[in-house]
Every structure is written in structure tokens, then in C-alpha cells.
Amino acid sequence: MNRRQFLALTAAATAAPWHTIGASAGSEPSAIPSPGPASPEGELAGSPRGPWRRLFLDAAVVEEQSGLARLFHETEKHPGPVVKADKPWEAESAISGPYTYGTILRDGAKFRLWYQFLNEGNQVGYAESYDGVSWEKPELGLINFKGSTKNNIVVSAADVDATGGVCHNPSVIKLPGAEAGRRYSLWGFDSGSGHARVAFSPDGLRWKYAPETKKTALFTSSDVVNFFYDVYHSRFAATWKTRNRRGRAVGVAWAEEPLKWTKPVDGPVFVADDLDAEATQVYGMPVFPYQGMYIGLPWLYRARYFKFGKYSIPKMHEAQEDSPRSVDVEFAWSWDLINWTRPCPRSLFIRRGEKGAWDHGMIYTARAPVIRGDKLLFLYGGCASFHDDRNVRAAIGLASLRLDGFCSMRAGADEGWLITRREPFNEPAVRINAAARPDGFVLAEILNRRNKVVPGFSRRECVPFAGDAVNHRLEWKTGPGAKKLDGADYKIRFIL
């Protein structure tokens, strides 16, 4: 690989006495993306054409391995909610309080949040933060709610004339290259029109719905839709709620122009399967581009679906009466938005709170995380009780994950190793994201296509890594640049 194409490794530390490593590829001088003014997709996805950091999610990266285990990681939750119902207009509905369904994105020096709450219909509230923990709800003066504009509401069922529509589960996308009046777009389900719509704004606060979408849907769907910008194909994309024989499921749609959508499959592409509990449906799934692939956060609704006869709402409610009716967040990934993979065995990505906790019943996530330092921050809406309960209390929480730390490769007391796939090398430059216990280490050697070590780049000449770093340059004693490679395909063997 040349300086613009090198391999980095990414891992998450464990509390147990094992040494862990995970994989990815980026660009010098740093494998960590620099925060910028673009949308979350631009910051998380990397360059539209790569190179990308290599994640050890599946066999697309690893050619061989021995003595290592792939370990999927759960987020670490911040204690207590970070956004609560502290305004009178946020606490008067069947779901009482703010939740996401929603969007957090970095915009300049601050984080911006568009969140959902219910009060005589769907409302979109707005908040700002500089750290993702402490949030302010500015008085915007934009929406007339019960006779006053002294609120932080930006789209409201109580003042449809102000924006031209209503929004359920708001997805906000910022595209700095768009024309000024359309730099921000707001996507969601308009309950008044009965379908998905889009609004545009110059600043993310003053929204106007595209009038063409009042009577014409972007695409047919149920009421749960999640949108994002697909930087790899320069298009908008969405997941939408549909159903299959197991109940609620997820479909996909995309558009190269905001108002011209198509469905590659007019039906589900992500469903509950036989590794899930019988009472499992997929309520929705936010998706975001990440280092050359797509990461999904499926919301798994733990409710039984009727198994015979035609659909009806009474039949659906009857089937789920003795079900938990909780909502869990898991993890999935795809290379094309059509074919999806999930960890086996299944594992939670954001864990619900214990009984009595503010987030014990249901968790729904914002559409994408943001990067702060060497962490991914995920905002999520937590509910104390369950779907279809009365008087559900809601708030917004924060969960974090090591950068790229969705999974790692773990060694035990004995050495383990893996060999990466072949890729072109011109100059050896390897960065790793790894955590080792005091008696652990990481080494690497460069191999040719026949797995023979390239002279000068053996494990004996590699300077061992010991410690905990998300962006460490792994070097050989020959010194960086002392030996050039010929641009042919080479592999890396990592030894843990």
C-alpha cells in the first residue's frame, strides 16, 4: 500500500485477561477521522472511494486465523439520561418526555439534536451541546404552540402552517455542498399525509416541506422510516417498516434525487430469524455508512405475531398480549444494503436498564452516532415501560463505544494469529487499534501471496506493541521507509 492506502487495526479492550485486536484501514498521518462540518455520514464513512480502516466483522478481511476469537462489544452507558422532560410541552402524552427517534450530528464546534416528543400529535424538538452530555434547549420563537412561540420546537402538528407538514421520527441530513436553502434536509413520516416526506432548511431550524410530497409519497411505507446519505453512491437512502410472516420487518429504498425514490426490493431485506426468540419482530433499523460498509442498529420488538389468517389490528394486539413488548437494540452490517449479517450468537448493542430504571422497557436509537475524541457517541431514547403501555415515561440517554470497536479479535494465554487478505503495498505503514494486558503484545509481519515472510519484515524485526491505543504505528527495526515494496499484493500476519 502507498501512504494513502495502509492497514490499521482496531480493537476494544476487555476486562478479562486476554489480549484483543480488531482491524481496519485509513490514511496517514492519522487513522482517526478529523471532525468536520459535514454530516455524520461524511465523518463516519471516510472517503467515498476509500481507503478505509479494516473492521474484523467478517471473513471479508481475514484470510486465515488460529487461536483467536472474534468478540462483539456492547456500548458503555452514561449514568442516567442526558435529555429529560424539563419543558411543560414535553410531558403531556401517552409517551411522556423526549426520545429518539431522531438525529444527532456535529455542526462546527457543537452537536445538534433533533428529537421526538408527543403532545397533541408529533413534535420535533431541538437541542444543542458541546460535549454530548450537557444539552441546552434554545428558545427559538418559530412555532406557535398553545398560544406561545417561546419554545424549542421546529416542526409541530400544532402549527402545520409554519412548515407545511408534520414529522414522525426525524432524520436530519446536512450536505454542505447543497444549495443554501437545501443545505439541511428533514426526512420522516407525516401522519397528516400518511406517508414519508421531506422538508428543507438553510439552517436546520426553519423548515419548509416540499409541497410535491403532500399528496405524493416519497415511497410507500408504514410509519417508521430512517434516512441517511449514502456517500459511496452519492444518493439518499432509507429503511422503512414493512412486514413478513414473523411480523414487523425492514425494507430499503434509495434515491439519487431527493424526490425520485426506488425500492430495489419491494419487501423486507432484514427480518427476525430462527436465532431470535420466537416473540421477535424488527420494529425499525437506523443505518449509517461506516468505513466502506453499512452499520445497522436493529430495534428488536419482543412481541409475538399472529400466525394464521388475514392481518387486522385487533388480531395483532391479541397475539402480543402475553409477550414482553420490550424493544432491544442489536447490531448488524451489510456491504450492499440488501444482504445483512448479525453476530452469532446474538448480542445486545445497547442494553436496557434493570427493572425500575428509566430505560428498562424500550430503547430506540438516533439515526447515527457522532465521534468525540476516540469514542463513538450514540444517543438513544429510553422508556421506563413497554410498547402499548399507558403513560410511558421517556428520556434520552448516551452510550459510548471505542472508535471502530464494534468487534475485536481476542487471544488467550497462548499465541494466536490471523492473516489479512492480499492488498497492494508500496510503502509499509501499519497502524493498529489494540489493547493488551501487561503481559500481552501485538506483532506483525508482511507476507507475499504464498505466505512467505518478506525479508526485513518478520516478527523478529517488528517492534512489539504493548498497551492501549486506538492509533499506534507499528514499525519494524529496519526503520520506516528503509525498505520499499514493489506495489504487488501482500498480506499482513498479526500475532497476538
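The values are calculated or read from the model by the stated rules, or taken from the named source; none is laboratory data. Nothing here was measured: the structure is a model prediction, and the numbers come from that model. Using ideal geometry, Cβ is built from the backbone for each residue, glycine included, and neighbour counts are taken over all protein chains shown. Heavy atoms of the whole protein, side chains included, go into the accessibility calculation; ligands, DNA and RNA do not. Shrake-Rupley method; radii C 1.70, N 1.55, O 1.52, S 1.80 Å.
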### Task
Quote to one decimal, in nm, the extra length available between Ser191 and Glu278 on full extension: 0.36 nm per residue of separation minus the C-alpha distance between them.
28.2 nm
### Message
Suppose only helical runs count, i.e. DSSP H with n ≥ 4. What mean residue ellipticity at 222 nm does that imply for the chain under -39500 (n - 2.57) per run, divided by all residues and rounded to the nearest 500 deg cm²/dmol?
### Response
-500 deg cm²/dmol
### Query
DSSP loop trypsin sites (Lys or Arg not before Pro) in the stretch 316-389 with at most 11 other Cβ atoms within 10 Å of their Cβ, which ones?
Lys355
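Given a Förster distance of 22 Å, report the FRET efficiency between Asn451 and Ala59 from their Cβ-Cβ distance, rounded to the nearest 0.05.
Efficiency at R0 = 22 Å is approximately 0.85.
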### Query
If you stretched the chain out fully between Val265 and Ser47, how much longer would it get, using 0.36 nm times the residue separation minus the C-alpha to C-alpha distance?
75.7 nm
### Task
Send over the per residue convex hull volume for the chain, Cα only, as a whole number of Å³.
152
### Query
Counting other Cβ atoms within 10 Å of each Cβ, which chymotrypsin sites (Phe, Trp or Tyr not before Pro) in the stretch 274-330 have at most 11 and sit in a DSSP loop?
Phe308, Tyr311
### Query
For the cross-link pairs Lys77/Lys263; Lys174/Lys375; Lys77/Lys150; Lys174/Lys355; Lys77/Lys307, which exceed 29 Å when the distance is taken from alpha carbon to alpha carbon?
Lys77/Lys263; Lys77/Lys150; Lys174/Lys355; Lys77/Lys307
### Query
Could you list log10 I(q)/I(0) for the stretch 179-316 at q = 0.09 Å⁻¹, which the Debye formula gives when each Cα is one point scatterer?
-0.31
### Query
Can you give the FRET efficiency for Glu92 and Arg245, using 1/(1 + (r/R0)^6), R0 = 30 Å, r = Cβ-Cβ distance, to the nearest 0.05?
0.20
### Query
How big is the shadow of the Cα convex hull of the stretch 31-171, averaged over all directions, in nm²?
12.2
### Task
Let me know the charge dipole size of the chain about its Cα centre in debye, to the nearest 20, where only the beta-carbon of Lys, Arg (+1) and Asp, Glu (-1) is charged.
700
### Summary
When every protein chain stays in place and a 1.4 Å probe is rolled, Val329, Val454 sorted by accessible area with the largest first are Val454, Val329
### Query
Where a Cα-Cα gap under 17 Å defines reach, which lysines qualify for Lys84, not counting those fewer than 8 residues away within the same chain?
Lys137
## Note on the structure
The aspartates and glutamates whose Cα lies under 15 Å from the Cα of Lys491, excluding any fewer than 8 residues away in the same chain, are Glu63, Glu64, Glu423, Glu427, Glu445
#### Entry: Nearby aspartates and glutamates by direct alpha-carbon distance to Lys87 (threshold 13 angstrom, same-chain neighbours under 8 apart not counted)
Glu136, Glu139
### Message
Treating the stretch 360-461 as a set of equal point scatterers at the Cα positions, no solvent, please give the Debye-formula log₁₀ I(q)/I(0) at q = 0.11, 0.13, 0.17, 0.19 Å⁻¹.
### Response
-0.61, -0.73, -0.94, -1.05
### Query
Heavy-atom accessible area of Leu348 with all protein chains present, probe 1.4 Å, nearest 10 Å²?
40
